[in-house]
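Please read the structure below before turning to the comments.
Since every read-out is calculated from the coordinates, none of them should be taken as a lab result. As the structure is a prediction and not an experimental result, all values here were calculated from the model.
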């Protein structure tokens with residue numbers, strides 16, 4: 001017959017085997033819930049990929065360059081027009 005200490009030791013061993021499995025399952029559950037929450041938040045933010053961002057940044061740069069060129073051209077034409085009007089008077 002087993003002594004109470006042997007019986008207690010056996011119960012502790014069984015619980016010791018059960019607890020890591022339970023802790024692992026709880027950790028996995030928490031990780032899955034956290035992952036789902038993060039993905040949900042990211043989906044609501046309507047984020048773009050790095051490639052899309054870089055492409056839009058390049059378009060913006062070209063647009064700015066064209067705008068600066070057109071602004072200079074308009075300023076030159078305005079100056080020329082003002083000079084022509086002075087000569088006509």
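Observations on the model:
- Between the Cα long axis of helix 4-45 and the first principal axis of the chain there is an angle of about 10°, rounded to the nearest 10.
- 0 to 90° range, to nearest 10: angle between helix 50-88 axis and the chain longest Cα axis: 20
- Contour excess over end-to-end distance, with Cα ends at residue 57 and residue 71 and 0.36 nm allotted per residue: 3.0 nm
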